Amino acid sequence: MTPSSGEVDADILVVGAGAAGLSAALAAAGGVAALSGTPEPSASSVRSRGRPDSSVLLLTRGHLGRDGASPLAQGGVAAALDSGDSAELHALDTVLAGAGLSREDRVAILTTEGPGRVRELIGLGARFDRDASGSLELAMEGAHSRRRVIHARGDRTGAEVTQVLSRAIRRLPSITILEEIEAEELLTEGGRVCGLRVRRSDGSAGALRADAVVLATGGLCHLYLRTTTPRSTTGDGIAMAMRAGAAVADMEFVQFHPTAMAVDSDPLPLVTEALRGEGARLVDASGRGIDFPDESGELSPRDVVARVLWDLTRAGGEVFLDARDTPGADFPDRFPGVFSLCRRHGIDPRESLIPVTPAAHYHMGGIEVDEEGRTTLPGLWAAGEVASTGVHGANRLASNSLLEGLVFGARAGASARRGLPAETDEGDGRRPANRDRVVSPGPDSISAPDTPEAGRNPGKPDEAALEADMQSLRAILWERVGVVRDAGGLREAIDAIDQLAERTLPDSVPGRRLRNALQVARQIAVSALAREESRGSHFRRDFPITRTAATP
Ligand SMILES: Cc1cc2nc3c(=O)[nH]c(=O)nc-3n(C[C@H](O)[C@H](O)[C@H](O)COP(=O)(O)OP(=O)(O)OC[C@H]3O[C@@H](n4cnc5c(N)ncnc54)[C@H](O)[C@@H]3O)c2cc1C
């Protein structure tokens with residue numbers, strides 16, 4: 001059903017311009033075939049049945065290809081591209097990392113379709129690093145049984161992926177790009193999502209209407225005091241979807257990366273795992289190697305390494321990455337991104353140890369979706385880190401998330417396109433996306449969830465107080481809902497979050513972000529309290545054992 005006014009601003013509205021949103025928008029506009037004007041896509045590209053004329057709005061609070069976590073991705077994209085590798089082996093590693101909660105049907109989709117998406121990127125001009133013979137260089141990362149991680153410009157893989165996809169998007173006239181616009185609330189009509197309430201950078205509010213909305217707003221790890229993810233990742237998409245009535249899943253599963261650079265910066269720079277894959281070692285202040293419970297040592301799953309480092313640092317110790325021998329002199333060539341981050345913080349990794357700390361890095365849970373990215377709410381799709389496809393289970397395998405954005409972003413976009421209502425008999429049925437039509441909120445039949453606090457605090461919001469509350473929230477999550485959890489700490493966290501939520505929040509961008517953050521943070525803590533076991537990234541000091549039967 002379309003909004004009762006009969007007008008829509010676009011057929012499909014994609015929110016977020018990271019790897020998932022860009023992939024969704026491209027597929028919603030017809031896939032790579034639309035770029036060449038080919039009526040039908042090639043066998044390896046996204047299926048693009050559906051109206052040939054569908055219009056797409058791609059909206060981001062930042063700038064295309066430059067915001068969100070995607071451009072920061074370093075290590076690479078995992079895909080079974082080598083003759084000695086297979087989708088089945090990649091799936092096995094993914095399921096093992098997922099600690100009993102990965103959905104094997106979804107994992108099979110990820111690892112089977114992944115190589116096709118990578119080839120599509122190469123076809124669009126992505127330059128992944130190659131060896132002297134011209135073959136793709138495949139790196140080894142923790143918990144992978146094969147070398148299968150492709151990378152670009154050393155450790156600038158995410159930037160290459162988002163730039164290539166952004167260039168493709170800009171070539172398509174059916175996609176209209178809206179930058180510096182904040183998504184605030186999903187609009188629904190008769191139980192179906194029909195658009196979005198938005199706010200422009202000048203502070204004015206408006207609404208965008210569409211037959212299908214795809215949320216690709218990324219993760220939530222900036223809710224933690226120590227994190228590698230950017231400011232934009234405080235769970236807006238999950239909060240909006242929850243308020244509109246969509247189901248969420250696996251919210252307690254937050255992955256902590258063991259090696260963020262322990263420097264004065266927010267977010268903390270990431271020191272990619274690929275460095276350990278290439279031979280760099282974790283050591284204490286005296287240069288002595290760290291003991292790990294797992295025979296894989298420093299290449300054990302991230303949760304195992306992160307917990308060892310958490311315990312060491314809690315006990316007052318310091319942990320460093322020693323890359324002086326390997327990659328040693330090759331560091332600037334092999335890892336130019338990390339090298340320049342080190343230099344920015346006064347560290348020469350060829351000569352000095354890099355101080356490291358665990359930090360929140362990736363959220364496995366999110367808005368529950370099926371294999372086509374459909375949420376439990378009609379009219380709403382979700383893809384990328386904001387979604388819970390079930391592939392990562394309780395723990396994500398390194399370099400599987402860009403891949404998930406590429407595979408399931410494309411699936412969500414294509415599915416939204418297929419789900420569009422049939423063309424009308426009147427006129428030519430074309431609905432060109434209209435950049436100027438950020439309209440005022442729609443007729444009464446279209447509703448957004450109640451926001452009783454909105455408008456109660458007219459005047460300039462107290463941004464310093466909101467920022468202070470956000471920092472308190474982040475500290476609570478880091479201390480009580482972090483690497484190691486227990487019932488007492490989780491209950492304290494929930495009480496503290498509830499106290500912060502008592503404050504009346506202004507109807508401003510920072511006010512809404514804090515409101516979203518509080519809602520999502522509480523859900524993580526409640527889910528973590530309910531899971532009375534340790535599994536994957538979720539470790540309960542009071543329930544250290546993994547139950548025999550995995551329950552969602
Ligand atoms: C430092 C770092 C290194 C990483 N390295 C790797 C790696 O090597 N390999 C790998 O697979 N993964 C890696 N990851 C994880 C991976 O980058 C992310 O999981 C993935 O990029 C998420 O993509 P996404 O499209 O879902 O979200 P994002 O890329 O985060 O994009 C979200 C988009 O939504 C927009 N948005 C959010 N909220 C709103 C709102 N309210 N209104 C409007 N717009 C909004 C943002 O501006 C952005 O455009 C890394 C992550 C980090 C932080």
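The values are calculated or read from the model by the stated rules, or taken from the named source; none is laboratory data. A quick note: this is a predicted structure, and the numbers were derived from the prediction, not measured. Positions of Cβ are generated from backbone atoms using ideal geometry, with glycine treated the same way; all protein chains shown enter the neighbour counts. Heavy atoms of the whole protein, side chains included, go into the accessibility calculation; ligands, DNA and RNA do not. Shrake-Rupley method; radii C 1.70, N 1.55, O 1.52, S 1.80 Å.
A few remarks follow.
- If the condition is being part of a loop (DSSP other than H, G, I, E, B) and among the β-branched types (V, I, T), then region 499-549 contributes T504, I545, T546, T548.
- Some residue of region 76-94 being farther than 24 Å from M364 by Cβ, within 16 Å of the ligand (Cβ to nearest atom), touching a residue at least 24 places away in the same chain (Cβ under 8 Å) and not assigned by TED's automatic domain parsing to the domain that holds R531: yes
- Condition met for P230 (open to solvent by 30 Å² or more (accessible area, probe 1.4 Å) and near the ligand (Cβ under 9 Å from one of its atoms)): no
- Residue match in region 254-277 (condition: among the charged types (D, E, K, R) and open to solvent by less than 20 Å² (accessible area, probe 1.4 Å)): yes
- Among the residues here, A212 does not qualify as closer than 30 Å to P258 by Cα and not assigned by TED's automatic domain parsing to the domain that holds V338.
- Sole residue being at pLDDT 95 or above and open to solvent by less than 30 Å² (accessible area, probe 1.4 Å), chosen from G30, G21: G21
- Region 161-186 - residue that is away from the ligand (no atom under 11 Å from the Cβ) and of a type in the set (S, T, Y) and, of those, nearest to the chain's Cα centre (by Cα): T176
- Only one entry of T376, T326 meets the criterion of being part of a loop (DSSP other than H, G, I, E, B), open to solvent by 10 Å² or more (accessible area, probe 1.4 Å), away from the ligand (no atom under 16 Å from the Cβ) and at pLDDT below 95, and that entry is T326.
- Entirely in region 179-275, the strands (runs of 3 or more DSSP E) that have 1 or more residues that are closer than 30 Å to S340 by Cα: 254-261
- Matching residues in region 358-368 - criterion: being within 14 Å of the ligand (Cβ to nearest atom) and open to solvent by 10 Å² or more (accessible area, probe 1.4 Å): H361
- Tally, over region 38-93, of residues that are hydrophobic (A, V, I, L, M, F, W, C), crowded, with 17+ Cβ neighbours inside 10 Å and modelled with pLDDT under 90: 1
- Residue match in region 300-323 (condition: under 30 Å from V248 (Cβ atoms), under 24 Å from the mean Cα position of the chain (by Cα), outside the structural domain of A410 (by TED's automatic domain parsing) and of a type in the set (G, A, S)): yes
- Here G158 meets each of (1) over 19 Å from the mean Cα position of the chain (by Cα); (2) within 13 Å of the ligand (Cβ to nearest atom); (3) under 30 Å from L341 (Cα atoms); (4) not acidic (D, E) with one exception, condition (1).
- Hits in region 193-227 (condition: among the hydroxyl-bearing types (S, T, Y) and surrounded by 24 or more Cβ atoms within 10 Å (Cβ to Cβ)): T217, Y224, T227
- Considering D542, D507, the condition of being in contact with an Asp or Glu (Cβ under 8 Å, 6 or more places away or on another chain), modelled with pLDDT under 95, among the acidic types (D, E) and open to solvent by 10 Å² or more (accessible area, probe 1.4 Å) is satisfied by D507 alone.
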